Amino acid sequence: MAFYDTIPHKLIMDSLREKIADGWVLNSIENMLKAGVMEDGIVHETNKGTPQGGVISLCLQTLSVTSSTRNLKRLDISLSDTPMISLS
């Protein structure tokens, strides 16, 4: 699993509500998030992650990362202070 598969919808929507006041736009985005995933003809509900390959995927992912980075800065946490894992 990757970050974009696991990011909570609430975090995405809370970030969007900070910038978007139009309820129709917010509802439309939330409906896209909750549309589910079809595998082998079966629709599975989703409550986390962004739709991969969807028309709004990249925008939601960018907003999520921006919001997360802003929150880390507000908490005075730097990613450069985080220990890195070496795979070599």
So K19 and Q52, fully extended at 0.36 nm per residue minus their Cα-Cα distance, gain in nm 9.6 nm
Given R₀ = 22 Å, what would the calculated FRET efficiency be for V37 paired with Q61, taking r from the Cβ atoms and rounding to 0.05? 0.85
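Sorted by accessible area with a 1.4 angstrom probe, largest first, how do D40, D5 fall?
Details: D40 155, D5 65 Å².
The residues order as D40, D5, largest area first.
The values are calculated or read from the model by the stated rules, or taken from the named source; none is laboratory data. Only a predicted model underlies this, so the values are computations on that prediction, with no experimental measurement involved. Neighbour counts run over all protein chains shown; Cβ positions are idealised from the backbone, glycine included. Just so you know, the surface numbers come from the protein's heavy atoms only, side chains and all, with ligands and any DNA or RNA stripped out. Shrake-Rupley method; radii C 1.70, N 1.55, O 1.52, S 1.80 Å.
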